[in-house]
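Asks: After the structure tokens below, expect a handful of questions from me.
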Amino acid sequence: MDFKQWRHIFKLDPEKDIDDRSLEAICESGTDAIVIGGTEGISFDNTIELMSRVRRFPLPCILEVSTMEAVVPGFDFYFVPLVVNAQDPKWIFGQHVEGLVEYGPFVKWEEVALEGYIVLNPSAKVAELTKSKIETSSQEIKAYARLVDQMLKLPILYLEYSGAYGDPQLVRDAKSVLKQSRLFYGGGIQNVEQAREMGAIADTIIVGNVIYENLSMALKTVSAVKED
């Protein structure tokens, strides 16, 4: 699965309700893929239920693994976050080792990509959960980006603002030092202008919350990025 060609991804939260008509609109919007994941209230049951609904449409469906309880077989691909600015070590390698103890022999590694996460919104649930140290200087962001890209050599650097629109200059700073990692941006994209602005910097944008707040605007973010 060549996610390095993707420009736009919709992210759906299993804990949030979405009706069939809205889901159809999202899946037939021209987005490159659907990622299923969230921070709280994620279970095996609500994850597999949402996956089965997305599976009716011919586009890639990816699980972003945030809890072992919601690891569901049958996805096209799996993104595994490694929160590099977490102060709680279980979000760096702890949960990953626990997961491999249980599932290691069964993992199809060609279907897995590790995401180097940098959490940048101190008010986000994910920041509280992971006890992330929020860094906002240009040099700190570049250092984290180099850690992900050149030291760990991860395929994805994910800048996670989770509900807040980020600082385009910090996104630009991170992008400027990358050699091989693909830059994903997620957080607070509410309109075409923001999608276009971040899409001009990041390789891939992730659009999530606006799906549940303003579906028609969410759909417009696809062409805002992919027609450029």
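The values are calculated or read from the model by the stated rules, or taken from the named source; none is laboratory data. All values reported here derive from a predicted model rather than from experimental measurement. Cβ placement follows ideal geometry from the backbone for every residue including glycine, while neighbour counts extend to all protein chains displayed. Calculation scope for accessible area: heavy atoms of the full protein, side chains included, ligands and nucleic acids excluded. Shrake-Rupley method; radii C 1.70, N 1.55, O 1.52, S 1.80 Å.
Asks: Go through the stretch 169-192 residue by residue and tally those that are assigned to a loop (DSSP other than H, G, I, E, B), out of contact with any strand residue (DSSP E or B) (no Cβ under 8 Å at 6 or more places or on another chain) and under 23 Å from Asn209 (Cα atoms).
Replies: Qualifying residue count, the stretch 169-192: 3.
Asks: For Lys125, indicate whether it is in contact (Cβ under 8 Å) with a residue 12 or more places away in the chain, surrounded by fewer than 17 Cβ atoms within 10 Å (Cβ to Cβ) and basic (Lys, Arg).
Replies: yes
Asks: Under 9 Å between Cβ atoms, which residue pairs at least 6 apart in sequence (or on different chains) link something in the stretch 15-41 that is closer than 13 Å to Val54 by Cα with a partner that is among the hydrophobic types (A, V, I, L, M, F, W, C) and open to solvent by 60 Å² or more (accessible area, probe 1.4 Å)?
Replies: So the pair list comes out as Ala33/Met1.
Asks: Identify the single condition in (1) in a helix (DSSP H, G or I); (2) without any contact (Cβ under 8 Å) to a residue 60 or more places away in the chain that Leu147 does not satisfy, given that it satisfies every other one.
Replies: (2)
Asks: Of the residues Ser138, Ser132, which single one is open to solvent by 30 Å² or more (accessible area, probe 1.4 Å), polar (S, T, N, Q) and at pLDDT below 95? Break it down stepwise before answering.
Replies: Working: Ser132 fails: open to solvent by 30 Å² or more (accessible area, probe 1.4 Å).
Within the list Ser138, Ser132, the selection yields Ser138.
Asks: Quick check on my filter: what residues within the stretch 4-30 are in contact with a Phe, Trp or Tyr (Cβ under 7 Å, 6 or more places away or on another chain), more than 16 Å from Thr47 (Cβ to Cβ) and open to solvent by 30 Å² or more (accessible area, probe 1.4 Å)?
Replies: Glu28
Asks: Would a scan of the stretch 60-78 turn up a residue that is within 17 Å of the chain's Cα centre (by Cα), at pLDDT 95 or above and of a type in the set (Val, Ile, Thr)?
Replies: yes
Asks: Same structure again: Are any of the residues in the stretch 63-82 among the aliphatic types (A, V, I, L, M), open to solvent by 50 Å² or more (accessible area, probe 1.4 Å) and in contact (Cβ under 8 Å) with a residue 12 or more places away in the chain?
Replies: The first filter runs over the stretch 63-82 and keeps only residues among the aliphatic types (A, V, I, L, M), leaving 63, 65, 68, 70-72, 80, 82.
If we keep only those that are open to solvent by 50 Å² or more (accessible area, probe 1.4 Å) as well, we get 68.
Going one step further and asking which of them are in contact (Cβ under 8 Å) with a residue 12 or more places away in the chain, we end up with 68.
Taking every residue of the stretch 63-82 in turn, at least one turns out to be among the aliphatic types (A, V, I, L, M), open to solvent by 50 Å² or more (accessible area, probe 1.4 Å) and in contact (Cβ under 8 Å) with a residue 12 or more places away in the chain.
Asks: Against the conditions (1) touching a helix residue (DSSP H, G or I) at 6+ places or on another chain (Cβ under 8 Å); (2) modelled with pLDDT of 95 or more; (3) not hydrophobic (A, V, I, L, M, F, W, C), where does Gly188 fall short? Just the number, please.
Replies: (2)
Asks: Moving on to the next point. Scan the stretch 150-168 residue by residue and report those that are assigned to a helix (DSSP H, G or I) and open to solvent by less than 70 Å² (accessible area, probe 1.4 Å).
Replies: Gln150, Pro168
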